[in-house]
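The values are calculated or read from the model by the stated rules, or taken from the named source; none is laboratory data. These numbers were taken from a predicted model, which means no experiment stands behind them. Please note: Cβ atoms are built from the backbone with ideal geometry, for glycine as well, and neighbour counts cover all protein chains shown. We work out accessible area using only protein heavy atoms, side chains counted, and drop any ligands, DNA or RNA first. Shrake-Rupley method; radii C 1.70, N 1.55, O 1.52, S 1.80 Å.
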Amino acid sequence: NDMSRISSNGNINTPWGQFSINLSHNGPPSRFTTTLTVTTPFQGYDRMSASLTHVGPNAADIETTLALATPKGEFGLTVMHKGTLNKFSSSLAVTTPFRQYRTMSVAVTHDGRSLRRFESSTTLVTPWGQFSAGINHNGQPTSFTTSLSLSTPFQGYEQMSAELRHAAAQVSDIETSLILNMPFGVYEFNFNHKGQLAQFSTTAAIKTPHR
């Protein structure tokens, strides 16, 4: 049997009218389209359908779409993924017939061949607006810079970020700083340590936007 091509249908006659169902499938697992259609004698529910399309020659290249036709309107779902674990872009989008929830989506990108250097971002589209978050890291445990960013559609909270810098070639020489950009202003924290247990100098300072 050739499972890459299927067509099946059935009809049921009842006192309320005729119900029918039709199923079709075309394609191998790596690339196929499957459609299911149902018809009923009831007004407003006379025809409903679901269609699934998938293209995925391998795990690094996938696109899947689901479309639903219902009495309330058309709904859609699209999933995409391209890349490997070290570097990829993935997204999921949902569409509905409802005005407030017309389109919603999430997208993730990642680029990092090691834990010493990577960059990731996420974007979320919602009925309330777009949210975005990102992280960037460069360096190793003894010397690195890590930054975070966040944006929202809410007034006063449009942009926020944090940056952490750390340098410690050895225990006798440490320098760390943290800068926070918040809706209320900029906050800074600095830490410095130099010297051995017998003789050292250590300072910590905090700066806030409040007077």
Sort through S151, S147, S161 and tell me the only one that's of a type in the set (S, T, Y), closer than 30 Å to Q100 by Cα, buried (at least 16 other Cβ atoms within 10 Å of the Cβ) and modelled with pLDDT of 95 or more.
-> S151
Hand me the list of strands (runs of 3 or more DSSP E) wholly inside region 1-105 holding 1 or more residues that are surrounded by 16 or more Cβ atoms within 10 Å (Cβ to Cβ).
-> 17-26, 31-39, 47-58, 61-70, 73-83, 87-95
Out of all the residues in region 183-206, which are at pLDDT below 95, under 40 Å from the mean Cα position of the chain (by Cα) and open to solvent by 70 Å² or more (accessible area, probe 1.4 Å)?
-> F184
Say whether the condition of being within 30 Å of P209 (Cα to Cα), open to solvent by less than 60 Å² (accessible area, probe 1.4 Å), hydroxyl-bearing (S, T, Y) and over 24 Å from the mean Cα position of the chain (by Cα) is met by at least one residue in region 107-126.
-> no
For region 186-198, indicate whether the set of residues that are in contact with a His (Cβ under 7 Å, 6 or more places away or on another chain) and over 23 Å from S149 (Cα atoms) is non-empty.
-> no
Does region 169-177 contain any residue that is modelled with pLDDT of 95 or more, in contact with a Gly (Cβ under 8 Å, 6 or more places away or on another chain) and open to solvent by less than 60 Å² (accessible area, probe 1.4 Å)?
-> no
